[in-house]
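J.: One structure is given below, represented as structure tokens, and several questions about it will come after.
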Amino acid sequence: MTASNDEPNTSPKKHPATSDDLPEFVTWPAFPFEGKLRIKKIADPVDIEPPRKGEDSVNCTACHTPDSEYLWANERWRVKTPPKPSGLPIVMILEPRAHLDIGDLSTMHAAELGVLTVRLERAIRSLDSVARVHITRWGDGSAHLQQWFMARPAGYLQLRGPFMTMWDEILPPVDEAQWKLDLDYISAWMGDE
């Protein structure tokens, strides 16, 4: 839409590398891409959203994964990691043992989620290689609650903010031997109640 003489210009700011209208965040230092960019066309909305993976606990991967596949577990919660290192020093996922999403948590589960979130964040942040821990939850992929913990490496200021998940995919994997040592340390921290 072009602004007329009577209307204020409300179009998004333009990035100097392109003639397309782009959001301001493409100029942020943390944005991982440069060069000519363009916005994808937004698809039309669907009438009925598709079910997420594992809507029924019978088909839920988390519900049928044994504790041996997790870094840490107690009677109601489990912590896992991706099977191999990625670009960030640590990526972990906290899940309830029961087939629950965030809105289904009982008061007890909600209180435990808060305590375990703080405990796991402290354990990860205590590593020398970690400056900050970003904690998030996306609710579109799995019906079973997964709270993600993503460690920003110390000194890498460009990785600050909401693009860290992209940087995790872009950066080369961290050293596997050090990654395993860090996981053992976090597992011991979580086991020391």
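J.: Measure off, as a whole percent, the carbon and sulfur share of the 1.4 Å-probe accessible area of the stretch 117-177, all protein chains present. Mind dumping the intermediate values first?
T.: Values: 1730 of 3330 Å².
That share works out to 52 percent.
J.: Further, regarding this structure: Give the residue from I124, H109, L157 lying farthest towards the positive end of the charge dipole for the chain; charges sit on Cβ (+1 for Lys and Arg, -1 for Asp and Glu) and the dipole is referred to the Cα centre.
T.: With unit charges placed on the Cβ atoms, the residue in question is L157.
J.: List the residues whose amide H sits under 5 Å from the amide H of V133, counting only those 5 or more places along or on another chain, with H placed 1.01 Å from N in the peptide plane.
T.: Correct list: R152.
J.: Give the calculated FRET efficiency between S68 and I170 to the nearest 0.05, with a Förster radius of 30 Å applied to their Cβ-Cβ distance. All intermediate terms of the calculation are to be shown ahead of the outcome.
T.: On the way: r = 31 Å, r/R0 = 1.05.
Given R0 = 30 Å and the Cβ-Cβ separation, E is 0.45.
J.: With a 10 Å radius around each residue's Cβ, average the other Cβ atoms per peptide and rank 168-180, 142-154, 126-138, highest first.
T.: Values: 168-180: 12.9, 142-154: 20.2, 126-138: 14.8.
Most protected by this proxy first, the peptides run 142-154, 126-138, 168-180.
J.: Could I ask something else about it? Out of residues 5 or more away from E55 or on other chains, whose amide H comes under 5 Å of its own, with H placed 1.01 Å from N in the peptide plane?
T.: For E55, whose amide H was placed from the backbone, the distant partners under 5 Å are A143.
J.: Further question: Kindly express, to the nearest 10 degrees and within the range 0 to 90, the angle between helix 107-125's C-alpha long axis and the longest C-alpha principal axis of the chain.
T.: It works out to around 80 degrees.
J.: Rounded to whole Å and sorted largest first, list the principal axis extents of the Cα atoms in the stretch 41-193.
T.: Largest to smallest, the principal-axis extents are 46, 46, 25 Å.
J.: If I take every Cα pair under 8 Å that is 6 or more residues apart in the stretch 36-170, average their sequence separation and divide by the length, what percent do I get for the relative contact order?
T.: Values: 170 pairs, mean separation 34.9, N = 135.
Relative CO of the stretch 36-170 lands at 26 percent.
J.: Now for a separate question. Per DSSP helix of 4 or more residues, -39500 (n - 2.57); summed, then divided by the residues of the chain. What does that give at 222 nm, rounded to the nearest 500? Don't jump to the answer; show the numbers that get you there.
T.: Numbers: 3 runs with 42 residues, N = 193.
Taken over the chain, the calculation gives -7000 deg cm²/dmol.
J.: Would you grab the residues whose amide H sits under 5 Å from the one on W72? Only those 5+ places off in sequence or on another chain, please, with H modelled 1.01 Å from N.
T.: V79
The values are calculated or read from the model by the stated rules, or taken from the named source; none is laboratory data. Only a predicted model underlies this, so the values are computations on that prediction, with no experimental measurement involved. Positions of Cβ are generated from backbone atoms using ideal geometry, with glycine treated the same way; all protein chains shown enter the neighbour counts. These area figures cover heavy atoms from the full protein model, side chains too; ligands, DNA and RNA do not enter into them. Shrake-Rupley method; radii C 1.70, N 1.55, O 1.52, S 1.80 Å.
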